[in-house]
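Quick note: the coordinates plus some simple rules give every number you see, no bench work behind them. The model shown is predicted, which means the values in this text are computed figures rather than measured ones. Because the Cβ atoms are built from the backbone with ideal geometry, glycine has one as well, and the counts that use them run over all protein chains shown.
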Amino acid sequence: MRSLMFLLVLVIFCSLPMTSSVDMSFCCMEFSNVKIPVKLVKSYSWTSSNCPRRAVVFHTFKGREFCVDPETTWVNSHVAKVDKRTKV
């Protein structure tokens, strides 16, 4: 009986992530203080509005990701340059 109860709880627990509508998006817990050279940036994305702090995530050609505060002075320039480069 105890085994059956354990199995039932396990099945319910395993099925929750498949039916849950919880947003599993990426949030930045800290920001990088390093100015990333724009030539290393392949693309960027924004964190979800559900995150405690909005951030820009720069993706490099080597597959690294850097969370950056969008209020930082150089970020808007990088975003504009990446947009211009990718629209051509």
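How large is the Kirkwood hydrodynamic radius of the stretch 23-87, counting all unique pairs of alpha carbons, in Å? Taking the inverse mean of 1/r over all distinct Cα pairs, the stretch 23-87 comes out at 12.1 Å. Our estimate of slack between K39 and F61, defined as 0.36 nm per intervening residue step minus the Cα-Cα distance, is 7.0 nm.
Straight-line reach from K87: taking Cα to Cα under 23 Å and skipping same-chain neighbours fewer than 8 places apart, the lysines in range are K39, K42, K62. Computed from label points 7 Å out along Cα-Cβ, the spacing between K84 and C27 is 3.5 nm.
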